[in-house]
There are 2 protein chains.
Amino acid sequence: MKRVKLIVAYDGTNYHGWQIQPNGITIESELNRCLKDLLGEDIKVIGASRTDAGVHALCNVAIFDTQARMPGEKISYALNQRLPEDIRIQRSEEVPLDWHPRYRHSVKTYQYHIYCAEFPLPTVRLYSHFTYYHLNTEWMQEACQYFMGEHDFKSFCSARSSAETTVRTITGIHVEKQGDMITIEVSGTGFLYNMVRIIAGTLMEVGNGVYPPAHVKEIIEACDRQQAGPVAPARGLLLYSYDFLEE
Amino acid sequence: MKRVKLIVAYDGTNYHGWQIQPNGITIESELNRCLKDLLGEDIKVIGASRTDAGVHALCNVAIFDTQARMPGEKISYALNQRLPEDIRIQRSEEVPLDWHPRYRHSVKTYQYHIYCAEFPLPTVRLYSHFTYYHLNTEWMQEACQYFMGEHDFKSFCSARSSAETTVRTITGIHVEKQGDMITIEVSGTGFLYNMVRIIAGTLMEVGNGVYPPAHVKEIIEACDRQQAGPVAPARGLLLYSYDFLEE
């Protein structure tokens, strides 16, 4: 028996998210199907980050256990030949049998992309949220400071979360504009359900002048989901990097 | 009667190119269909650049004549509501009745994107050509100098071209690498059939060490299509900008 770790990149456009669903194809179900085809065993991968429908990833992490004799680092090549072209393993390797991505300290970085112009641009439509509202990125950047560090992020958590505590730590957050594309980059040691998309929705309200940057402090302190902005659409969200810390 | 000019952006993935085909949907046929729906007239747009199947554009140019009373600059908004989301008008305006994009001096800039890594990346797959060969971009950049200026580009023209002369002028060409993405940018006053894709295919052979940069000079001088590299795949090509010169 050995444990294999996969780094998985995907375009989430055509999937019902990571996690297996009764109706609809998911990243997890495609990985299980193709691993069974490759290794001849019933494989159940465990994903580190269960991204929502339509969300993209450069580097999600999954593990599975197998009796197969194929060397761990060869699995990426063989699996990619079976996967659809919108899912691609970036690396595969053997890890100790007790290595589990959800029980290790890690820093995840998400990017949220907003294409801000008079009309949508077809070649970026699948990987960004479009808005024709002018967004002031200086205001958005100013608001970022209030998210930094450890806070109770209850205002930034969708109701159907089952998290025991809503305290999380954000280790980095900033806003950049390149041409008509605005990128919000958020790093943290853990995120609540929909947290990054609600942060993005709230920063868009700041950029739009709905409330001043400093109001974000009050939204956080309120611990009330109703105070924060809407959940920004899934297509703008990308799991950008995933770093496991040495222990 | 008035003439309207459209700036058209599209994701070419799902189209059989610009030009109307007996079988298959094209950018031109979609524009004609939606303009008829909007204006109630049989409209036939004329495109400046008849891009191939799978090629993308930020700014192709089309004109059409209409009796409609809708102001030219409003047509973009109304037409975008009817078009599929992979085609979007970026601007519409009235132009003189004798304004014709194919009979004006212009400079077009194309970008060719190559994603160069061990495995493909799903989120860039539709807009770049993937290769796992290492490409030396310094060699590619060195080869660019030989393309600059006016030359007979017969070696870089696919056989089914009907061009009267194969002399063309390249006004700018360079190669850039950002992370794993290589971009070839080529500007010129006119291009032969498949010319940019054959230049890209040839530069990839240079980057790959198949021949040295200086051999590009011999390929041009040979005036023989067999001497140049292959036609690089359509998905990597993007019509990036289109500038009409004052006369």
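Any read-out appearing in this document is the output of simple, stated calculations on the displayed coordinates, not a laboratory observation. Model, not experiment: these values are computed from the prediction. Here the Cβ positions follow ideal geometry from the backbone for every residue, glycine too, while neighbour counts run over all protein chains shown.
Can you list the trypsin sites (Lys or Arg not before Pro) in the stretch A:42-110 that are in a DSSP coil and have 11 or fewer other beta carbons within 10 angstrom? Can you show the working numbers first?
Working: sites: A:Lys44, A:Arg50, A:Arg69, A:Lys74, A:Arg82, A:Arg88, A:Arg91, A:Arg102, A:Arg104, A:Lys108; in loops: A:Lys44, A:Arg50, A:Arg69, A:Arg82, A:Arg104.
Sparse-neighbourhood loop trypsin sites (Lys or Arg not before Pro): A:Arg69.
Which whole number in µm²/s is D for the stretch B:2-103 by Stokes-Einstein, with the Kirkwood Rh taken over Cα pairs at 10 °C and 1.306 mPa s? It diffuses with D of about 119 µm²/s by this estimate.
The protein assembly as shown: percent of C-alpha pairs farther apart than 34 Å?
Of the Cα pairs, 47 percent sit more than 34 Å apart.
Couplings 3J(HN,Hα) for the stretch A:115-128, derived from phi with the Karplus relation 6.51 cos²θ - 1.76 cosθ + 1.60 (θ = phi - 60°), are 9, 10, 7, 5, 10, x, 10, x, 6, 10, 5, 7, 10, 8 Hz, where x marks Gly and Pro.
Among B:Leu238, B:Leu245, the order by Cβ neighbours within 10 angstrom, fewest to most, reads B:Leu245, B:Leu238. Each of A:Glu138 and B:Asn208 was given a label point 7 Å from its Cα along the Cα-to-Cβ line. The distance between the two points is 5.0 nm. Listed values for the stretch A:67-81 are Karplus-derived 3J(HN,Hα) couplings in whole Hz (6.51 cos²θ - 1.76 cosθ + 1.60, θ = phi - 60°), namely 8, 5, 8, 4, x, x, 6, 8, 4, 3, 4, 5, 6, 4, 6, and x replaces Gly and Pro. Out of A:Gln19, A:Ile7, A:Ile87, whose Cα points farthest toward the positive end of the dipole of the stretch A:2-103 (charges: +1 Lys, Arg; -1 Asp, Glu; placed on Cβ)? Among A:Gln19, A:Ile7, A:Ile87, the one farthest towards the positive end of the dipole of the stretch A:2-103 is A:Ile7. Phi angles of the stretch B:167-182 translate, via the Karplus equation with coefficients 6.51, -1.76, 1.60 and θ = phi - 60°, into HN-Hα couplings of 7, 9, 10, 9, 9, x, 7, 7, 10, 10, 10, 10, x, 9, 9, 9 Hz per residue; Gly and Pro are given as x.
The residues packed around A:His174, meaning those with a beta-carbon under 13 Å from its beta-carbon, carry a net charge of -3 if Lys and Arg are +1 and Asp and Glu are -1. If only the Cβ of Lys and Arg carry +1 and only the Cβ of Asp and Glu carry -1, the dipole of chain B around its Cα centre is close to 640 debye. Annotation: the residues A:Tyr132, B:Tyr211, B:Tyr115, sorted from fewest to most other C-beta atoms within 10 Å of their own C-beta, follow the order A:Tyr132, B:Tyr211, B:Tyr115. Note on A:Trp99, A:Trp139, B:Trp18: ascending count of other Cβ atoms within 10 Å places them as A:Trp99, A:Trp139, B:Trp18, the fewest first. For the stretch A:2-103, a crude dipole built from +1 on the beta carbon of Lys and Arg and -1 on the beta carbon of Asp and Glu, taken about the Cα centre, is about 200 debye to the nearest 20. Note on the stretch A:106-244: along the principal axes its Cα atoms extend 42, 34, 25 Å, ordered by decreasing extent.
Sorted shortest first, the distances from the B:Glu85 label point to those of the same residue in the other copies are 2.0 nm; each point sits 7 Å from Cα along Cα-to-Cβ. For the protein assembly as shown, the dipole from Cβ point charges (+1 on Lys and Arg, -1 on Asp and Glu) about the Cα centre works out to 1040 debye, to the nearest 20. Shown for A:Asp152: label points 7 Å from Cα along the beta-carbon vector, and their distances to the equivalent points in the other copies, 8.1 nm in ascending order. Where both residues lie in the protein assembly as shown, what percent of DSSP beta bridges are antiparallel, nearest 5? Looking only at bridges with both residues in the protein assembly as shown, the antiparallel portion is about 90 percent. Largest GNM mean-square fluctuation across B:Asp152, B:Asp65, B:Asp180, computed for chain B with C-alpha springs under 10 Å, falls on B:Asp180.
B:Gly40 label point (Cα plus 7 Å toward Cβ) to equivalent points in the other copies: 7.0 nm, shortest first.
Could you work out the mean count of beta carbons from other protein chains within 10 Å of each residue's beta carbon in B:116-122? Provide the component values of the computation, followed by the final result.
Details: counts 0, 2, 5, 9, 6, 6, 16.
Per residue, the number of nearby Cβ atoms from other chains is 6 on average.
Once you've got the Cα coordinates, tell me which of B:Lys2/B:Lys108; A:Lys154/A:Lys217; A:Lys108/A:Lys154 are over 22 Å apart. Table pairs above 22 Å Cα-Cα are B:Lys2/B:Lys108. Axis-proximal residue of chain B for the rotation onto chain A, reported as residue and distance in whole Å: B:Leu126, 4, based on Cβ position.
Model label sites at A:Glu164 and B:Ala159, defined 7 Å from Cα along the beta-carbon direction, differ in position by 7.1 nm. Rounded to the nearest 500, the helix-only mean residue ellipticity at 222 nm of chain B stands at -5500 deg cm²/dmol, with each DSSP H run of n ≥ 4 adding -39,500 (n - 2.57).
Placing a pseudo-label 7 Å from each Cα along the Cα-to-Cβ vector at A:Met148 and A:His215 gives an inter-label distance of 2.3 nm.
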